[in-house]
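Quick notes on the structure that follows.
Please treat every number below as a calculation from the coordinates, not as lab data. All figures in this text were calculated on a predicted structure; none of them were measured in a lab. Virtual Cβ from ideal backbone geometry, glycine too; neighbours counted across all protein chains shown.
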Amino acid sequence: MNIHEFQAKELFVEYNIPTTEGLVIRSLSEIPIALERFPEKAVIKAQIHAGGRGKGTIVGTNLPGVYLARSAEDTARYIQQTLGGILVTNQTGSQGKRIRALYLCDVVEVEHEYYLSVQIDRNTAKPMITVSRSGGVEIEVNAGNLNSISVDLESNIHTFQIRALARALELERRMVPSFIELVSNLCRLFHEKDATLIEINPLSLTSEGALIALDAKVILDDNALYRHPELEALRDMAEDDPLEECASRFGMNYVAAEGDIACVVNGAGLAMATMDMITFYGGKAANFLDLGSRADPIQVREALRIVQENPNTRGIFVNIFGGIAQCDVIAEGILEQCPQTMPVVVRLQGASAERGQQLLREGTPSVILENDLDQAVKTIVSKVKER
Ligand code: GDP
Ligand code: MN
């Protein structure tokens, strides 16, 4: 589960991690409150579940998603022009994300920007701390300067490990004690709240010589949320794709993509391969959808309903490899929710494939049945292009 920057910073405060605090506003009627708290300068930050805001642009303006306002008038103007608008960054996709809240913070004079993160490393199956001397908005460009160490948080991080990170950052000796405390607290937060990622970019060195988290990204482990009812309350439904929610209620995995060919597939690997094939033959997948290995008719019906609710869907490709899931059972689900308004290509292979194909041939003659995966993908790509 993703949370907003201002929520992540509240967790930082709880764990004594130095950060900038501020004020969240959600409506233009709160401008007077904002100006009372920030009568001169303020950093104003769009609260969306995506990064890259500093380099992003708000549609219809040339304003970024992180803005340094120099006066009360400047602050009021920025809020008026951006609250409720759409912010497009390199992480949002071209459709962008709506700005439902703005976060105003005190301005900090920055000497240097570092990068610091803790995340689960899949290779070692352990938390990994990563630092870079060149943080800030250009981190992708400087990805070569990363230093990582693997840590065992069950037995607490050792001071010598943090000292090694401090050396990699070329921190001055006098900064090291506060850095040790900051990293220890960060690890405690990561461990106690069951996070899968905490990223501070930038971790800034101020002109007063203090280290402070200017940005905060926290991802919490969905599977551990039952242990943290107080964190569940941080969920922002408006940021979640309602179709994703709906799919998860039926035990399926759905992730929207940018194309127009909807995919309904059993198995995550086959689902990804199917998306790759669609791209290979010149099309674009509208989504990732994994029915799971069981794939019963209700799931298939709901999957077809969900992909048709995506306004970008202009054709559907159902790709099923029957095993535990029987193709004839799946065909029953297809018959219940098969659209007549757009091309539908179905490939059924494996257990009970022939019986499934026969049911579809009799029940919905408009469905195009293909046995060969290459041919099936070519057909749906060309049918959608014809429309
Ligand atoms: P992101 O672009 O979504 O990662 O948003 P950030 O919160 O990281 O803000 C983008 C950039 O704005 C940062 O890398 C900083 O360089 C700058 N920034 C943010 N807050 C402050 C601040 O209080 N003072 C200064 N000088 N720069 C800031
Ligand atoms: Mn950042």
Checked segment 246-364 with the C-alpha gyration tensor, a ≥ b ≥ c its square-rooted eigenvalues, rounded below a/c of 1.5, otherwise prolate if a/b is larger than b/c and oblate if not; verdict rounded
Given the candidates Asn62, Gln81, Ile33, the one whose Cα lies deepest towards the positive end of the charge dipole of segment 19-96, counting +1 at each Lys or Arg C-beta and -1 at each Asp or Glu C-beta, is Asn62
Between Arg174 and Ser293, take the C-beta separation as r, use R0 = 51 Å, and let me know the FRET efficiency to the nearest 0.05. 0.35
What nm value, rounded to one decimal, do you get for the distance between Ile149 and Leu369 when each label is placed 7 Å out toward the C-beta? 6.3 nm
Among residues other than Leu35 whose Cβ falls under 14 Å from its Cβ, what is the net charge (Lys/Arg +1, Asp/Glu -1)? -1
For segment 86-164, count all C-alpha to C-alpha pairs, find those more than 19 Å apart, and express that count as a whole percent of the total. 60 percent
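Find out how many positive minus negative residues lie around Ala8, taking Lys and Arg as positive, Asp and Glu as negative, among other residues whose Cβ is under 11 Å from that of Ala8. Write down the numbers at each step before the final one.
Working: positive: Lys9, Lys193, Lys217; negative: Glu5, Glu10, Glu14, Glu199, Asp215.
So the surrounding residues net to -2.
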Only Cα pairs under 8 Å and at least 6 apart count here; give the relative contact order of segment 106-235 as a rounded whole percent. 28 percent
As a check on your grasp of the helix formula, calculate [θ] at 222 nm for the chain: sum -39500 (n - 2.57) over DSSP H runs of n ≥ 4, divide by the residue count, round to the nearest 500. -10000 deg cm²/dmol
Cα extents of segment 312-387 along the three principal axes, largest first (Å): 34, 25, 20
Any idea how far the Cα center of segment 180-201 sits from the one of segment 315-352, in Å? 45 Å
Principal axis box of the chain, alpha-carbon based, largest edge first, Å: 77, 50, 38
Do the alpha carbons of any pairs in Lys45/Lys97; Lys97/Lys126; Lys126/Lys193; Lys55/Lys193; Lys55/Lys385; Lys55/Lys217 sit beyond 24 Å of each other, and which pairs? Lys97/Lys126; Lys55/Lys193; Lys55/Lys385
Please report, in cubic angstrom per residue, the volume enclosed by the convex hull of the alpha-carbon atoms of segment 1-49. 94 Å³
Normalised by the number of residues in segment 50-182, what is the relative contact order in percent for Cα pairs under 8 Å and 6+ residues apart? 16 percent
When only C-alpha pairs under 8 Å and at least 6 residues apart count, what is the relative contact order of the chain, in percent? 12 percent
Amide H to amide H, which residues 5 or more places from Asp215 or on other chains are under 5 Å from it, using H placed in the peptide plane? Asn201
Count the DSSP beta bridges whose two residues both fall in the chain, then state the antiparallel fraction as a percent rounded to the nearest 5. 75 percent
Could you compute the net charge surrounding Gln119? Neighbours are other residues with a C-beta less than 11 Å from the C-beta of Gln119; K and R count +1, D and E count -1. +1
Would you work out which of Val344, Leu203, Ser150 lies farthest towards the positive end of the dipole of the chain, given +1 charges on the beta-carbon of Lys and Arg and -1 on that of Asp and Glu, about the Cα centre? Val344
